[in-house]
1. Net charge near Y39: determine it from the other residues with C-beta under 13 Å of the C-beta of Y39, scoring Lys and Arg +1 and Asp and Glu -1.
2. Distance in nm between label sites at V69 and S27, each 7 Å beyond Cα in the beta-carbon direction?
3. Which net charge results when you count Lys and Arg as +1 and Asp and Glu as -1 among the other residues whose beta-carbon is under 15 Å from that of Q29?
4. Suppose each label sits 7 Å from its Cα in the direction of the beta carbon; what would the I98-D37 distance come out to in nanometres?
5. Kindly state, to the nearest 0.05, the FRET efficiency for F45 paired with N78, given R0 = 30 Å and r defined as their beta-carbon distance.
6. Sort 64-73, 24-33, 77-86 for me by packing, meaning the mean count of neighbouring Cβ atoms within 10 Å per residue, highest on top.
7. Name the shape class, rounded, prolate or oblate, that the alpha-carbon gyration tensor gives for the range 3-69, where a ≥ b ≥ c are the square roots of its eigenvalues, rounded holds for a/c under 1.5, and otherwise prolate holds if a/b is larger than b/c and oblate otherwise.
8. Please list, by residue number, everything in the range 69-92 whose backbone N is under 16 Å from a paramagnetic label point 7 Å out along Cα→Cβ of L11.
Amino acid sequence: MHIIEAQCEALGILNKVTLVEAPFLNSYQQRIKELWDVYKIELLFTGDILDICNNFMVHATEESGVELVRPLWGIPRNELIQELVNEGFDIVVFCVNIDKIDQTVATNLVGHSYFHVYEKIKEINGIDWAGEAGVSYNDL
């Protein structure tokens, strides 16, 4: 969160942390509607690349007055990763699902550069390295 807070401060924009809880769809819908009602937020940007949870975010923004924007939607992973490399970004793994990756391997991923990690474990089958399948979460 410190990176996001610093980015918002540098850009002079509001950083609002909104907590959600189970049942998640209902909670997301309520919180997004509150953002519209209180702050008149018109657009909600996500880093989603593909559909997870049956269009969860589409359903979460329905009837809220807030438009869902997904600028990365549908971009093939290899093209996206190559573009990030070309632009000089470094991606750090900050969360790994130990139900999908062995805990010993997972422990060695968190806090490391995505590119360093990818070379070490690209042989693991069934991993979506964009994190869309809940395997890992990465930050630029």
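1. Numbers: positive: K16, R31, K33, K40; negative: E34, D37, E42.
It works out to a net charge of +1.
2. 2.7 nm
3. Details: positive: R31, K33; negative: E21, E34, D37, E62, E63, E67.
So the environment of Q29 carries a net charge of -4.
4. So the two model labels end up 3.9 nm from each other.
5. Details: r = 23 Å, r/R0 = 0.76.
Here the calculated transfer efficiency is 0.85.
6. Details: 64-73: 14.6, 24-33: 16.4, 77-86: 12.3.
Averaged packing, sorted descending, gives the order 24-33, 64-73, 77-86.
7. Details: a/c = 1.74, a/b = 1.44, b/c = 1.22.
It comes out prolate by the Cα gyration axes.
8. Of the residues in the range 69-92, 69-72 have backbone N under 16 Å from the label point off L11.
Throughout, read-outs are computed from the coordinates displayed, never taken from laboratory work. Note that the structure is a prediction, hence the values are computed from the model and not measured. FYI the Cβ positions are ideal-geometry reconstructions off the backbone, even for glycines, and counts take in every protein chain you see.
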